[in-house]
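The structure appears below as structure tokens.
The values are calculated or read from the model by the stated rules, or taken from the named source; none is laboratory data. What you see is a predicted model, and the numbers here were worked out from it, not measured in a lab. FYI the Cβ positions are ideal-geometry reconstructions off the backbone, even for glycines, and counts take in every protein chain you see. Accessible surface is based on the protein model in full, side chains and every heavy atom, while ligands, DNA and RNA are left aside. Shrake-Rupley method; radii C 1.70, N 1.55, O 1.52, S 1.80 Å.
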Amino acid sequence: MYYPEPISKLIDSFTKLPGIGPKTAVRLAFFVLNMKEDDVLEFANSLVNAKRELTHCSTCGHITDQDPCSICQDTSRDQSIICVVQDPKDVIAMEKMKEFHGKYHVLHGAISPMDGIGPEDINVPDLINRLKDEEVEELILATNPNIEGEATAMYISRLVKPSGIRTTRIAHGLPVGGDLEYADEVTLSKALEGRRDL
Amino acid sequence: MLEKIKGLVLKTQDYGETHKIVTIYSKKIGKFSAIARGAKKTKSRMAAVTQPFIYAEFFVYIQTGLSTIQQGEIIHSFRSIREDIIKTAYAAYIVELTDKLSDDKDPDTFIFEQLFETMKWIEKNDDVNIPTMMYELKLYGKGGFAPTLDRCSNCGGNTPPFVFSIAEGGILCHHCRSMDREAIQLSELLAKLLRIFATVNLQRVGNISVKKENQQLLRQLLDAYYDYYGGYYIKSKKFLKQIDLLK
């Protein structure tokens, strides 16, 4: 009402983003008005392209602009290890580490007893099909170390173990740079359990 | 006002990038929600203490609106529950039921103790059906829809054999059983068991042994009763049913 229609529409669009309230939306909208036209066009194109061109890889479920994704196409990667993660962002985090050379499987969520999200609501059936088709020797369960992540890992390991595939869980314990004296008992006991020979 | 409160974490909800809103059930002030700032960060000292099922001592800045958790110290983590998917499912069910059927800041020592004891039972034992039902029956009273189990819900009489009528809200005696044609036939033992379940503290129970078919009948009866009177959809029940298929 106070703004011309194009800018009020822009403000409305910004408020749809997470963490953006009405005041921030106004600030962003006015910032866009002061941007160069080329930059605005590039920004708009990036938004549209991200939505239009990205899809989920039909093999691993990771976001990609080509199907299958570059990781699944890469023949130099170890085909016998699959790392199961909850979210595409977790794949990026693992890739930044540069030490894992196997493949991934993205679940797009986790089993959550509290929210009534069961195994059928996440990408588990595709994982089971992959294990039947591909020659997998190890499945690394890299779900988050919380109730949902643990429940998901337990469920998958129960399903997969009878087939004889080695099922492992990522280690839990103290973060690098953390302080032992400030660690809680759950973290410490997990760290102690997962100790290894030097 | 800063208070030291011991309580069990019922649920958590993400708030913003790094915060969590934690719902806690305590003996002192009942159910309350508080924000734990930065609890989602990897190195946060509150990351572990704000996980569901954790029993801890919280230092909470109590306010009229949303309170703030300043610190927390784990007393009992119920670790073996979170490491077993079936136990997790049962614990999630009783915790969600507690959250739905209890009001904010309405302390109830008995319910708190029963919740804690049921969690301890789930942690130590594999057969958790009966303690779960015992806790449910006690919680129905908190929700205001406890079934009448000590006498006929119509005439107050005590003449066996009894039937359980969902529509009449409890047991019916031999004379009143015709009031509800859909009432479920109860053996004398089952009627007695239901009465015990609704009143006896779990601490006083050593070992529970109920036949599988009787357990199933009681489960169906409680499910139908809750569906009729409960009013809230319990999300973890769906999960519990899915997981039961795993057994």
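The lone criterion from (1) out of contact with any His (no Cβ under 8 Å at 6 or more places or on another chain); (2) within 24 Å of A:N146 (Cα to Cα) left unmet by A:L54 is number (2).
Is one or more of the residues making up region B:225-247 more than 21 Å from the chain's Cα centre (by Cα), farther than 19 Å from B:Y90 by Cα and of a type in the set (F, W, Y)? Looking through region B:225-247, none of the residues is more than 21 Å from the chain's Cα centre (by Cα), farther than 19 Å from B:Y90 by Cα and of a type in the set (F, W, Y).
Of all residues in region A:22-57, those satisfying the criterion of being part of a loop (DSSP other than H, G, I, E, B) and farther than 25 Å from A:D87 by Cβ are A:M35, A:K36. Scanning region B:40-53 for residues that are within 8 Å of chain A (Cβ to nearest Cβ) and open to solvent by less than 20 Å² (accessible area, probe 1.4 Å) gives B:A48, B:V49, B:P52, B:F53. Just give me the residues in region A:83-128 being more than 12 Å from chain B (Cβ to nearest Cβ) and acidic (D, E), in sequence order. The answer is A:D87, A:D90, A:E95, A:E99, A:D126. Among the residues of region B:54-71, those identified as open to solvent by less than 20 Å² (accessible area, probe 1.4 Å) and either closer than 15 Å to B:R37 by Cα or not β-branched (V, I, T) (or both) are B:A56, B:F58, B:V60, B:S67, B:I69. Residues of region A:147-156 that are facing chain B (nearest Cβ under 9 Å) and among the acidic types (D, E): A:E150 alone. Within region B:10-21, being within 21 Å of B:T42 (Cα to Cα) and either assigned to a strand (DSSP E or B) or within 11 Å of chain A (Cβ to nearest Cβ) (or both) holds for B:K11, B:T12, B:Q13, B:D14, B:Y15, B:G16, B:E17, B:H19, B:K20, B:I21. Number of residues in region A:110-128 that are in contact with a His (Cβ under 7 Å, 6 or more places away or on another chain) and open to solvent by 10 Å² or more (accessible area, probe 1.4 Å): the value is 2.
Would you confirm, using the coordinates I've provided, whether B:F197 is surrounded by 18 or more Cβ atoms within 10 Å (Cβ to Cβ), farther than 30 Å from A:E120 by Cβ and in contact with a Cys (Cβ under 7 Å, 6 or more places away or on another chain)? Taking the combined requirement at face value, the residue does not satisfy it.
Would you say B:S153 is open to solvent by 90 Å² or more (accessible area, probe 1.4 Å), more than 14 Å from chain A (Cβ to nearest Cβ), free of Cβ contacts under 8 Å to residues at least 40 places away in the same chain and small (G, A, S)? Judged against the criteria, B:S153 is not a match. Looking across region A:129-146 at every residue that is within 14 Å of chain B (Cβ to nearest Cβ) and out of contact with any helix residue (DSSP H, G or I) (no Cβ under 6 Å at 6 or more places or on another chain), the one that is most open to solvent (accessible area, probe 1.4 Å) is identified as A:P145. Those strands (runs of 3 or more DSSP E) of region A:70-141 in which 3 or more residues are modelled with pLDDT of 95 or more and within 16 Å of the chain's Cα centre (by Cα) occupy A:81-85, A:103-106. May I ask you to list the residues in region A:155-174 that are without any contact (Cβ under 8 Å) to a residue 24 or more places away in the chain, assigned to a loop (DSSP other than H, G, I, E, B) and within 20 Å of the chain's Cα centre (by Cα)? Result: A:A171, single match. The criterion of being free of Cβ contacts under 8 Å to residues at least 24 places away in the same chain, more than 14 Å from chain A (Cβ to nearest Cβ) and out of contact with any strand residue (DSSP E or B) (no Cβ under 8 Å at 6 or more places or on another chain) holds for B:R204.
With respect to being more than 24 Å from A:Y155 (Cα to Cα), within 14 Å of chain A (Cβ to nearest Cβ) and open to solvent by less than 30 Å² (accessible area, probe 1.4 Å), B:G7 falls outside the description. Taking first residues from region B:103-121 that are open to solvent by less than 70 Å² (accessible area, probe 1.4 Å) and partners that are assigned to a helix (DSSP H, G or I) and charged (D, E, K, R), the Cβ contacts under 7 Å between residues at least 6 apart in sequence or on separate chains come to B:D108/B:K142; B:I111/B:K138; B:I111/B:K142; B:Q114/B:K138.
Residue-wise test of (1) without any contact (Cβ under 8 Å) to a residue 24 or more places away in the chain; (2) open to solvent by less than 70 Å² (accessible area, probe 1.4 Å).
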residue: B:S187; (1), (2): no, yes
residue: B:K212; (1), (2): yes, no
residue: B:L221; (1), (2): no, yes
residue: B:A224; (1), (2): no, yes
residue: B:Y232; (1), (2): no, no
residue: B:K235; (1), (2): no, no
residue: B:I243; (1), (2): no, yes
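When region B:22-34 is filtered for residues that are crowded, with 19+ Cβ neighbours inside 10 Å and of a type outside the set (S, T, Y), the ones remaining, listed by number, are B:V22, B:I24, B:G30, B:K31, B:F32, B:A34. Restricting region A:157-198 to residues that are among the hydrophobic types (A, V, I, L, M, F, W, C) and more than 10 Å from chain B (Cβ to nearest Cβ), the residue that is most open to solvent (accessible area, probe 1.4 Å) is A:L198.
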